[in-house]
Amino acid sequence: MNSRVWIVWIAILFFVLTANNNTLAQDTKHRVNELSAYNFGSLGKLAPLDQIKILKKTGYKGIILNSQTKTDTLNLDVFLAALKKDKHFKIHAVMIRYDFTDSIQKREGWKIILDKIEKQNIELWVIFGKRTNGANDGFIESKLKEIVDFAKTKKVKVILYPHSNCYIASAEEAMPFVQKINDPNLQLAVHLCHEIRAGNGGRLSTVFENVKQYIGAVTLAGTDSVADFSKPKLMDSSTIKPIGNGNFNMTKFIEPLRKSGYKGMVGFINFKIDEDPVSYLKSSMQEWKKITN
């Protein structure tokens, strides 16, 4: 093969590799995380099978379930049975809340949940409740490590869930616990609504940069730039709206999210959104695609 032919082949190979790299870069840049939704608000008032039907119809790929009540636990069994062989829609996570004032039986209910979701690629999201006497960092660390260790035997990933008005209220407050336990099975969540309530709406780039190597879950909703704390109801409604509502510039969340490298499913929190579920879920999905493209 003469030198001219070699040059032509090298040029063709270079063109193909460059085109593939550019395509990959564009795919990465414009990649849209799949969206799940909590079974809260008007959606959560429906039967489990109806919730699944509506979420699938409006383009969601998963659901995030509560586990606070006996009804929640019973419904979990229904969801698990209904989605056992579903390859296109999943239970994204089950939330547990460790409230220090609850009975020991209720506080330790997380073990029952882990037994139910064992080896099913469902995450366990852990909230520690309001600060009370006897609750301290040492206890949180010990209990969280216990949960993580038990969850590993069940092949379940654990996410430390910051929540406003609770012991751990923001992603940066969660980070020291994740760092200290230092277990690959434990990560933390970044929630737009709770970061807004923690006063971090104007510094989300810094938040994501600080916690990016520990992020295991991300959630958002439409929100105002500043939470209204004048009444509990207004705190919720000012920071949890259908996506696209509120005066917060969502690019201030989406761009740091992209830069963080997080590629998992994103949750839409719909707490106390009582509009028709088909309507707000559809409009929120449309807005999600718009702001991420």
Exercise for review: Answer with yes or no whether D86 is modelled with pLDDT of 95 or more, in the same structural domain as E287 (by TED's automatic domain parsing) and in a loop (DSSP other than H, G, I, E, B).
Suggested key: yes
Check your understanding: Looking at (1) assigned to a helix (DSSP H, G or I); (2) under 15 Å from the mean Cα position of the chain (by Cα); (3) over 19 Å from D99 (Cα atoms), can you tell me which one Q187 breaks?
Key -> (1)
Check your understanding: Quick one: what pairs do we get from the range 230-256, first residue assigned by TED's automatic domain parsing to the domain that holds W288 and in contact (Cβ under 8 Å) with a residue 60 or more places away in the chain, second crowded, with 19+ Cβ neighbours inside 10 Å and assigned to a loop (DSSP other than H, G, I, E, B), C-beta under 6 Å, 6+ apart or different chains?
Key -> M235/A227
Study note, to complete from the structure: For helices (runs of 4 or more DSSP H) lying entirely in the range 89-163, having 3 or more residues that are among the β-branched types (V, I, T), at pLDDT 95 or above and in contact with a helix residue (DSSP H, G or I) (Cβ under 7 Å, 6 or more places away or on another chain) picks out 137-153
Practice item. Within the range 190-228, count every residue that is closer than 12 Å to P162 by Cβ, part of a loop (DSSP other than H, G, I, E, B) and not hydrophobic (A, V, I, L, M, F, W, C). Key: 1
Check your understanding: Which of the residues spanning the range 154-181 are under 15 Å from M95 (Cβ atoms) and of a type outside the set (A, V, I, L, M, F, W, C)?
Key -> K157, Y161, P162, H163, S164
Check your understanding: Only one of (1) under 17 Å from I159 (Cα atoms); (2) surrounded by 13 or more Cβ atoms within 10 Å (Cβ to Cβ); (3) within 16 Å of the chain's Cα centre (by Cα) is not met by Q213, so which one is it?
Key -> (2)
Practice item. Give the residue that is nearest to I159 (Cα to Cα), with candidates limited to residues of the range 101-136 that are surrounded by fewer than 16 Cβ atoms within 10 Å (Cβ to Cβ) and in contact with a Lys or Arg (Cβ under 9 Å, 6 or more places away or on another chain). Key: N121
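The values are calculated or read from the model by the stated rules, or taken from the named source; none is laboratory data. This is a predicted model, so every value here is computed, not measured. Here the Cβ is made from the backbone with ideal geometry for all residues, glycine too, and neighbour counts use every protein chain on show.
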